[in-house]
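Working notes for the structure below.
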Amino acid sequence: ATAARAHDLPRRAFEDLLDGMESDAREVWQHPTISEVETYCWRAAGTVGLLLLAILDVRGENAQRLAETLGLAVQLTNILRDRDEDVANGRIYIPVGVDASDSGADLTARAYEVYKSSDALIAELDRAAARPIRFIHAVYRRLLNRLDRPNGVRPRADLKLLLSASAETFWKTR
């Protein structure tokens, strides 16, 4: 509570994050609509982005749009990464009407599009605030690139992939 007050963290972001955690625990996801997936992405990742931006003292319309955009891209990447594990657990996050082959191609294309649209928003940030956001963008974009390869790695258990990409990206952005 002290940190939330000190950084004037938006209460609504916490509420949406908790709603997302609750619905993810309660509901069985079976081919939701694209609108439901985008709401889920906001709750799972956009809210965290908005809280991070508030800590970095980035506020206003740009912060909201960046949190929504990058949160969507990051969570779509997570959905693609975890698809096999999620299906094995009876959870299908690939939206109805998207990607009839169930290969994730449409969702992958949407993620690339959203990463690209977040570039301009990141460019508007001051250098200090932009660094951690660029890092998140680069790590997850690199993960999407690896997932998009033929026979791309998808299992969640392969966290070494993300850690490797993270370390590589960190040293390149220093």
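The values are calculated or read from the model by the stated rules, or taken from the named source; none is laboratory data. Model, not experiment: these values are computed from the prediction. No Cβ is skipped: glycine too gets one built from the backbone with ideal geometry, and neighbour counts run over all protein chains shown. Heavy atoms of the whole protein, side chains included, go into the accessibility calculation; ligands, DNA and RNA do not. Shrake-Rupley method; radii C 1.70, N 1.55, O 1.52, S 1.80 Å.
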Any hit, segment 153-161, residues being in a helix (DSSP H, G or I), modelled with pLDDT under 85 and open to solvent by 30 Å² or more (accessible area, probe 1.4 Å): yes
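So how many residues does segment 26-35 have that are in a helix (DSSP H, G or I) and open to solvent by less than 90 Å² (accessible area, probe 1.4 Å)? Lay out the reasoning, then the answer.
Taking segment 26-35 and keeping what is in a helix (DSSP H, G or I), we get 26, 34-35.
Subset that is open to solvent by less than 90 Å² (accessible area, probe 1.4 Å): 34-35.
Of the residues in segment 26-35, 2 are in a helix (DSSP H, G or I) and open to solvent by less than 90 Å² (accessible area, probe 1.4 Å).
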Cβ pairs under 8 Å, 6+ apart, first in segment 26-38 and closer than 15 Å to Asp82 by Cα, second open to solvent by 70 Å² or more (accessible area, probe 1.4 Å): His31/Val96
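Tally up the residues in segment 16-25 that are open to solvent by less than 70 Å² (accessible area, probe 1.4 Å) and either free of Cβ contacts under 8 Å to residues at least 12 places away in the same chain or not small (Gly, Ala, Ser) (or both), please.
The total comes to 4.
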Evaluation of Ala3 against (1) open to solvent by 80 Å² or more (accessible area, probe 1.4 Å); (2) not in a loop (DSSP other than H, G, I, E, B) (one fails), failing number: (1)
Failed item in (1) in a helix (DSSP H, G or I); (2) exposed (fewer than 14 other Cβ atoms within 10 Å of the Cβ), with Asp8 passing the rest: (1)
